[in-house]
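Taking it in order: structure first as structure tokens, then the write-up.
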Amino acid sequence: MSSPADLRFQRFPLCPGVHLSINSTRKLKTVLVKLFFTGDLDGSVTRKVLVPMALRRGTRNFPTLQAIARHLESLYGASLADGVLKIGEWHVISFRLEAVNGRFLPGRQEVFQDALRFLKEMIFDPFLERGSFRAQEVAQEKHNLGRLIESLVDDKDQYAAERLIREMCPDEPYRLYEYGDAAQLPAIDAAGLTREWGAWVRAYPLEIYVAGDVEPVAMRDLFAGVFGEPRRNGFQPAGLPPPVAAGKTRFVEERLAVNQGKLGLGFRHGITYARGDFEAAVLMNGILGSFSHSKLFQNVREKASLAYDAHSALEKTKGLLFILSGIAVGNYQKALDIILAQVEALKRGDISEAELGSTRESFDNQLQMLKDNFSSLMEVDFVWRRHGQSFDLESYRRRLREVTGERIAEAARKLELDTVYFLRN
Amino acid sequence: MSGTVKNVFRNPTLQEEVQHAVLPSGLRIFFCPKPGFQKKYACYSAYYGSVDRLFRGPGESQPAPVPDGIAHFLEHTLFETPQGNVSDLFSRNGAYNNAATSFSTTTYLFASGDRFYDNLGLLIDFVENPVFQPEKVEKEKGIIEQEIYRYRDDPGWVGYMGLLESLFQRHPIRIDIAGTPESIRRIDSETLHRCYRAFYHPRNMILFVIGDLESEAVFDFAARRSKARAGAARSWEIERSYPPEPAEVERERFEARMEVALPKFLLGFKEVGVPSSGREFLSRELATEFALDFLFSRASDAFQELYQAQLVLDDFSASYHACAGIGYVAVGGETPDPEGLQRRLEELIAGFRERGLATEDFERQKRKFMGGFIRCFNSLEFIASHYTYYRFHDLDLFEVIDTLAGLGKDLIEERIQNLFSPQGKAASVILPKN
């Protein structure tokens, strides 16, 4: 059952601008489909996010939210969701469909084809009135999106992470929040939103992924029939963002009525999927703050008892690194000193055998287990491909295993502290 | 493997099986084979959670209370071994590990690709051989205090606990799982040890293993490794005391102001005298979830109306939870108008009780539940955690799908009639600061 073919997607061009990647596996009791439409992170972000929200409100044959929900229920609870991804300075709208494989259903009923047809209808054939989304529903969804954007503050970890980015990258598209800007909402109307839908739904490059106990050739033919329409006007997303140097470190403080402070640090290193010693940067971030054996968790939480959580995250398209920790407000300086000391230790190459060994083993196991996680595999494959790289899980595993302490220190020496953000009471 | 009994539970619809053995100590071990999967996963769970705060343990003469938050504190304490923090030891093998304490259970888990038995040995060893070092206990207080403050900034959690504090007058479900900074300061090694002796007995625990492994090897390894205080099987007894909970609520409304963009509203209804195990527990749980889904899911008339009226957003949901003799419904989400939403929800609920359930809706929903349940079996974590949960309630997870298939419309209508007792009603509101 576990054959090498299991690990890879078979990729077929369906037509110019549309590709289908298939992973045929018996591990899933469902058939899973993901669609990725790639655009740019720019002034259109808010409008683009609003489009799937308007699409959810009704299709030609299922004109209401309720009709759609009931239709999906009757297909044995097929699930259909949309999402937004920010990959560096690209803005990706995704759709995810999952339906139970007929071989588990009474009488082996086939629901996948109906579910797939519905996915297409929802994206390409929405309910339109005189060629436009309904004004009342667009108004409601504008309102909902506004609330969604504003409710970022409800989750203090996420809020602090976004605020750090905004402070750190004021002149880069990367500053934009992937759900958009509430201030832009009033200017959007139903007709304009319908134009936005038309502009991207048939123009943006489309990557389709499917996984399940399916026959690849039959799937390719099925998808070619459903999504085989060529992209119009050959839209191409922007190229990779150029590196930006960190200037003098900026310190930003913000006050809210919180019980716990959030300390965020933003660094630039410039290493990306396509530039520099990528594998070394991944290991460096692992040793610094991805795991419970990592320097941040060990020193901020376990030794100093200062925090419940302290971790780092690597941004791999622009070459950034973020550190975030929830601390008592009075411990700001203490926590900052300990965090910066960990970064300095990395730069000196102060990496123990245990740290290196545990980090290698942890990544190795993560990648091995990724082979069972088709939703993540799809996204990883898509993101690598976006950067012009092909994702070969086994060779990536091998490359990570070969990274030495010296290469990690070399990558760490590229870290320049750009911004320190503190959310406090 | 002498002295163990082995059963196999199979389900033809799901095309899954689970094998079962009991060690002489009383420890139950379950194994679910998953050919082809790279991930291997194990969880070791105790039927012990935050609600178990008043009990008479083995060899004790009187029920005595313990400080709030101690089950969760004990979970943290077990991570400290003489060889160092157990997460570091798992990390050396490349495994991911974690633990969680809920109202009624404590679970220790790991996932790994390679070196499964090294990790399984580690899991069994650290759960069965605790060390209560006073200085580590003191150190942990600082970390848990930050964990508590983190939750106090989480409006979702504050609103949820506010609802439970309002619905229940005496039942310990109204107390935060992590306790308070004050209650955890009263915790010491001795009290931790008392809780451990009482609840981490093999007869009160389940080890669940899932992955592409050899069945014999799994059971043999676990049987050899688990010392689990052999011979103690017959002497264990525990008396858990939950204070009698009246049908009336503590208060009708909880309100707090926090840094949120939009108010968060929950309407709750409590139930008392709820069966705590067996078929009755299961069919009640399923019928209640079914009823709530019928009334409030995205396909419902109520959601359609409330969403159109912009009284609710996409996060609107309804859930039911039963635990230690009580149960409760929580319905709500973000809203610009908590009072308006409450008024309309109460009117809608009164309407449901008059109208009942249409056959067409019932059949469609049954399909949705079946499909949703089958889909969950893609996840090793789901199988392990839910199998364990149902076993603690003297049920088999595979029974769920059969019970679902046989669920009658009358049972769901009974739930719609009796779920929403006016005297058991409370609301929780989180309002923005300004």
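Structure summary
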| item | result |
| --- | --- |
| Members of segment B:55-99 that are of a type in the set (S, T, N, Q) and touching a helix residue (DSSP H, G or I) at 6+ places or on another chain (Cβ under 7 Å) | B:Thr77, B:Thr81, B:Gln83, B:Asn85, B:Ser91, B:Asn93, B:Asn97 |
| Subset tally (residues that are assigned to a helix (DSSP H, G or I) and either within 21 Å of the chain's Cα centre (by Cα) or touching a residue at least 40 places away in the same chain (Cβ under 8 Å) (or both)) for segment A:187-222 | 13 |
| Out of A:Gly88, A:Gly83, sole residue that is more than 14 Å from every other protein chain (Cβ to nearest Cβ), within 29 Å of A:Leu377 (Cβ to Cβ) and in contact with a Pro (Cβ under 9 Å, 6 or more places away or on another chain) | A:Gly88 |
| Which listed residue is modelled with pLDDT of 95 or more and over 30 Å from B:Gly49 (Cα atoms), from B:Glu334, B:Glu305, B:Glu360 | B:Glu305 |
| Filtered residue count, segment A:100-149, keeping only those that are of a type in the set (D, E, K, R), surrounded by 15 or more Cβ atoms within 10 Å (Cβ to Cβ) and either within 12 Å of chain B (Cβ to nearest Cβ) or touching a Cys at 6+ places or on another chain (Cβ under 6 Å) (or both) | 5 |
| Considering residues of segment B:356-369 that are facing chain A (nearest Cβ under 7 Å) and among the charged types (D, E, K, R) only, the residue farthest from the chain's Cα centre (by Cα) | B:Arg364 |
| Enumeration of residues in segment B:1-26 that are in contact (Cβ under 8 Å) with a residue 40 or more places away in the chain and either aromatic (Phe, Trp, Tyr) or in contact with a strand residue (DSSP E or B) (Cβ under 6 Å, 6 or more places away or on another chain) (or both) | B:Thr4, B:Lys6, B:Phe9, B:Arg10, B:Val18, B:Gln19, B:Ala21 |
| Helices (runs of 4 or more DSSP H) lying entirely in segment A:322-418 (those with 3 or more residues that are over 28 Å from A:Tyr159 (Cα atoms) and under 26 Å from the mean Cα position of the chain (by Cα)) | A:353-370, A:374-386, A:393-401 |
| Qualifying residue in segment B:41-63 (condition: polar (S, T, N, Q), at pLDDT below 95, within 30 Å of A:Asp372 (Cα to Cα) and surrounded by fewer than 18 Cβ atoms within 10 Å (Cβ to Cβ)) | no |
| Hits in segment B:127-148 - residues which are in a helix (DSSP H, G or I) and touching a Pro at 6+ places or on another chain (Cβ under 8 Å) | B:Glu145, B:Ile148 |
| Residue within segment A:363-382 that is away from every other protein chain (no Cβ under 14 Å) and of a type in the set (Asp, Glu) present | yes |
| Segment A:349-359: number of residues that are surrounded by fewer than 19 Cβ atoms within 10 Å (Cβ to Cβ) and either of a type in the set (Val, Ile, Thr) or within 9 Å of chain B (Cβ to nearest Cβ) (or both) | 2 |
| Qualifying residue in segment B:175-189 (condition: in contact with a strand residue (DSSP E or B) (Cβ under 9 Å, 6 or more places away or on another chain), surrounded by 15 or more Cβ atoms within 10 Å (Cβ to Cβ) and at pLDDT below 95) | no |
| Residues of segment B:370-393 classified as at the interface with another protein chain (Cβ under 7 Å from one of its Cβ atoms) and either crowded, with 18+ Cβ neighbours inside 10 Å or over 29 Å from the mean Cα position of the chain (by Cα) (or both), total | 6 |
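Residue by residue, here is whether (1) at pLDDT 90 or above; (2) closer than 26 Å to B:Val218 by Cβ; (3) in contact with a strand residue (DSSP E or B) (Cβ under 6 Å, 6 or more places away or on another chain) holds:
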site: B:Leu89; (1), (2), (3): yes, yes, no
site: B:Thr107; (1), (2), (3): yes, yes, yes
site: B:Phe116; (1), (2), (3): yes, yes, yes
site: B:Asn119; (1), (2), (3): yes, yes, yes
site: B:Leu123; (1), (2), (3): yes, yes, yes
site: B:Glu128; (1), (2), (3): yes, yes, no
site: B:Val131; (1), (2), (3): yes, no, no
site: B:Val137; (1), (2), (3): yes, no, no
site: B:Tyr149; (1), (2), (3): yes, no, no
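The values are calculated or read from the model by the stated rules, or taken from the named source; none is laboratory data. Predicted model only: the values in this text are computed from it and were never measured. Please note: Cβ atoms are built from the backbone with ideal geometry, for glycine as well, and neighbour counts cover all protein chains shown.
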